[in-house]
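Chemist: Just dropping this structure here.
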Amino acid sequence: GDGCGHVVMYQDSGTLASRNYPGTYPNYTVCEKKIQVPQGKRLILKIGDLDIESQKCESSYLTILSSSTLHGPYCGNVMPIPKEIILDSNEATIHFESGSHVSGRGFLLSYASSDHPDLITCLERGNHHTKPEYSRYCPAGCRDIAGDISGNIIEGYRDTSLLCKSAIHAGVIADELGGQISVTQQKGISRYEGVMANGVAFPGGSLSDKRFIFTSNGCNKSLSLEEGFFSKSQITASSYWEETNEFGQQFLWSPDKAWLQVPGLAWASNHSSSREWLEIDLGEKKRITGIKTTGSGSTMLNFDFYVKTFIMNYRNNNSKWRTYKGILSNEEKVFQGNSNAGDIVRNNFIPPIVARYVRVIPQTWNQRIALKLELIGCRIMQGNSSFTHSMWQKPSQSTETSLGKEDRTVTEPIPSEETNLGLKLTAIIVPVLIVLCLFLFSGICICAALRKRETKGLSYGLSNAQKSGCWKQIKQPFTRHQSTEFTISYNNEKDTPQKLDLVMSDMAEYQQPLM
């Protein structure tokens with residue numbers, strides 16, 4: 001039968017494992033997969049684990065065929081297993097065959113293109129690295145590989161945690177894509193709180209000597225903790241439940257109760273239908289990188305209401321609703337929500353949503369639709385609109401951009417031609433008007449001073465001092481020579497005035513101070 005187990009392959013990386021890995025692989029099976037990376041790249045393979053019960057590789061073995069070159073067979077202790085295999089081709093065929101055996105985990109390998117020489121396997125842990133800071137490339141498909149993790153994106157992860165699985169849990173990379181991770185090691189903490197995130201769960205962890213923290217672009221803060229968020233934002237719903245208890249008291253499970261920071265009831269719909277929704281108006285376009293959800297039991301222990309799965313819709317001003325879709329397919333992405341009413345579950349959006357309005361649309365639930373939530377993200381500049389999910393494009397085979405590497409640059413808006421012209425005219429006209437006003441003001445002051453001296457019988461010692469009129473008291477009127485100039489330079493990126501030099505020379509004998 002089919003001897004292939006966990007298989008995730010993307011255009012730039014992937015992960016393959018034998019059936020039942022890390023359990024015992026079945027008897028008499030064959031697994032054959034062709035893997036490839038874009039043209040012009042070389043294929044890098046790393047065997048993370050190989051445990052095949054065969055002394056001479058007769059009936060059970062693993063081989064790698066590339067451009068008529070056979071690597072292997074690998075099994076038992078017959079042939080040393082290389083830590084890394086770099087092929088001259090961009091494609092290869094992985095062949096695993098099993099005969100009769102008693103035990104053996106089989107194999108697990110990862111691959112990537114030559115763009116990622118720092119490739120690691122899904123089994124590498126934080127304590128396998130000694131440097132205080134390092135960067136590695138995680139292949140696609142590490143989320144469902146068996147192995148423990150302990151930690152979270154804020155406090156960091158216990159150093160015994162699997163690196164790539166922790167990165168998926170933290171929302172640094174997507175399991176479907178893989179990607180580059182940057183890690184710093186720090187002193188451990190006494191307790192690591194357990195939380196379900198991006199389909200990865202763990203019960204929590206105890207004291208460790210060291211921990212590792214992922215460096216990110218900082219867009220992972222609570223939007224609802226921003227100053228004035230609750231006053232600027234609005235939350236509405238398709239319906240809400242008006243509960244009347246056995247004592248005749250009425251409770252409103254209204255949408256304003258849906259904020260995770262607000263104690264008490266949650267939002268609960270009046271109907272049990274997949275057409276129910278909870279809508280949030282953020283007041284302005286923002287970059288949304290994740291969502292935290294919980295059920296009614298987080299604050300109301302008498303109820304067991306929660307949402308199991310949901311989808312996300314989003315839009316901006318004067319635009320239609322769009323559904324958030326999966327990276328590798330054109331189908332709506334269904335997010336895994338809560339498995340009980342009390343725990344908080346986090347899901348990250350890779351790529352992020354850039355929108356003003358978002359809707360959470362429950363698909364499955366327990367007893368009744370009930371939800372409390374918190375949005376994660378950050379404010380954006382005008383130039384960051386390229387992060388919108390609708391503009392996300394799957395790269396072609398020729399691209400050399402790693403989708404796992406998140407763009408951390410901030411693009412400033414480019415002024416239009418009309419804006420550039422207005423800035424230039426303003427930068428030239430305003431200084432000229434100021435200088436002319438200064439000259440006029442200086443002339444008035446000179447006239448007043450000369451007249452005052454005439455009334456006191458004083459003389460400036462000039463040949464025509466007896467003539468009336470203040471301008472006649474000046475031996476040589478001031479004239480603007482061609483050597484006087486304005487120099488205005490611009491920065492090409494922002495087109496705003498950066499430097500203003502005023503040079504004045506060859507003045508009259510009556511010298512005014514340079515201004």
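Chemist: Just going by the charge dipole of segment 223-379, with Lys and Arg at +1 and Asp and Glu at -1 on Cβ, which of THR244, SER296, LEU223 is farthest out on the positive end?
Modeler: Going by the charge dipole, the pick is LEU223.
Chemist: Now for a separate question. Under 18 Å from a point placed 7 Å out from the Cα of ASN127 along the Cα-to-Cβ direction: which residues of segment 170-192 have their backbone N that close?
Modeler: Hits in segment 170-192 for ASN127 at 18 Å: 184-192.
Chemist: Cα-based Rg of segment 4-113 per 2.2 N^0.38 Å, rounded to two decimals? Please report the intermediate quantities before stating the final value.
Modeler: Working: Rg = 13.2 Å, N = 110, 2.2 N^0.38 = 13.1 Å.
Ratio of Rg to 2.2 N^0.38 Å for segment 4-113: 1.01.
Chemist: For segment 4-113, what does the accessible surface come to per residue with a 1.4 Å probe? Please give it in Å².
Modeler: Working: 5000 Å² over 110 residues.
Per-residue value: 45 Å².
Chemist: Would you mind telling me the share, in percent, of accessible area of segment 55-197 contributed by carbon and sulfur at probe 1.4 angstrom?
Modeler: Of the solvent-accessible surface of segment 55-197, carbon and sulfur hold 48 percent.
Chemist: Find the relative contact order for segment 110-186 and round it to a whole percent, using C-alpha pairs within less than 8 Å whose residues are 6+ positions apart.
Modeler: Details: 129 pairs, mean separation 28.0, N = 77.
In percent, rounded to a whole number, it is 36.
Chemist: How large is ³J(HN,Hα), in whole Hz, for each residue of segment 132-137 in order, when computed from phi with the Karplus curve 6.51 cos²θ - 1.76 cosθ + 1.60 and θ = phi - 60°, using x for Gly and Pro?
Modeler: x, 9, 7, 10, 9, 10
Chemist: Rounded, prolate or oblate: which fits segment 126-216 when a ≥ b ≥ c are the square roots of the eigenvalues of the alpha-carbon gyration tensor, with rounded for a/c under 1.5 and prolate only if a/b beats b/c?
Modeler: Values: a/c = 1.79, a/b = 1.16, b/c = 1.54.
The shape class here is oblate.
Chemist: Now, a different point. Whole angstrom only: what separates the Cα centroid of segment 334-384 from the Cα centroid of segment 153-195?
Modeler: 21
Chemist: Of the listed peptides 329-341, 174-186, what is their order by residue-averaged count of other C-beta atoms within 10 Å, with the highest listed first?
Modeler: On the way: 329-341: 15.7, 174-186: 20.7.
So the peptides 329-341, 174-186, ranked by packing, come out 174-186, 329-341.
Chemist: Note down the relative contact order for segment 115-243 as a percent, whole number, built from C-alpha pairs under 8 angstrom at least six residues apart. Show your work: numbers first, answer last.
Modeler: Details: 240 pairs, mean separation 31.1, N = 129.
Taking the mean separation of contacting Cα pairs over the length of segment 115-243, I get 24 percent.
Chemist: Counting Lys and Arg as +1 and Asp and Glu as -1, each charge on the Cβ, what is the dipole of segment 126-216 about the Cα centre in debye, to the nearest 20? Kindly include the intermediate steps, with their values, before the conclusion.
Modeler: Working: 9 positive and 9 negative charges, 50 e Å.
Around 240 debye, computed over segment 126-216.
Chemist: Once the dipole of segment 4-113 is set up with Lys and Arg at +1 and Asp and Glu at -1 on Cβ about the Cα centre, which of LEU16, PHE107, TYR28 lies farthest towards its positive end?
Modeler: Value computed over the given set: LEU16.
Chemist: Using alpha carbons only, how many angstrom separate the centre of segment 67-132 from the centre of segment 236-301?
Modeler: Using only Cα atoms to place each centre, the spacing works out to 49 Å.
Chemist: While we're here: In nm, to one decimal, how far is the LEU207 label point from the SER59 one, both placed 7 Å along Cα→Cβ?
Modeler: So the two model labels end up 5.2 nm from each other.
Chemist: Could you order LYS320, LYS41, LYS131, LYS292 so the one with the most accessible surface comes first? Probe is 1.4 Å.
Modeler: Ranked list, largest accessible area first: LYS320, LYS131, LYS292, LYS41.
Chemist: Moving on. Given a 1.4 angstrom probe, what's the average accessible area per residue across segment 126-216, in square angstrom?
Modeler: On the way: 3610 Å² over 91 residues.
With the other protein chains kept in place, segment 126-216 gives 40 Å² per residue.
Chemist: Arrange the residues TYR28, TYR314 by how much accessible surface each exposes, largest first, with a 1.4 angstrom probe. Let's see the in-between values first.
Modeler: Values: TYR28 155, TYR314 10 Å².
Output order, biggest surface exposure first: TYR28, TYR314.
The values are calculated or read from the model by the stated rules, or taken from the named source; none is laboratory data. As the structure is a computational prediction, the values presented were derived from the model and not from experiment. Note: ideal-geometry Cβ built from the backbone for every residue, glycine included; neighbour counts use all protein chains shown. Note: areas computed on protein heavy atoms with side chains; ligands, DNA, RNA excluded. Shrake-Rupley method; radii C 1.70, N 1.55, O 1.52, S 1.80 Å.
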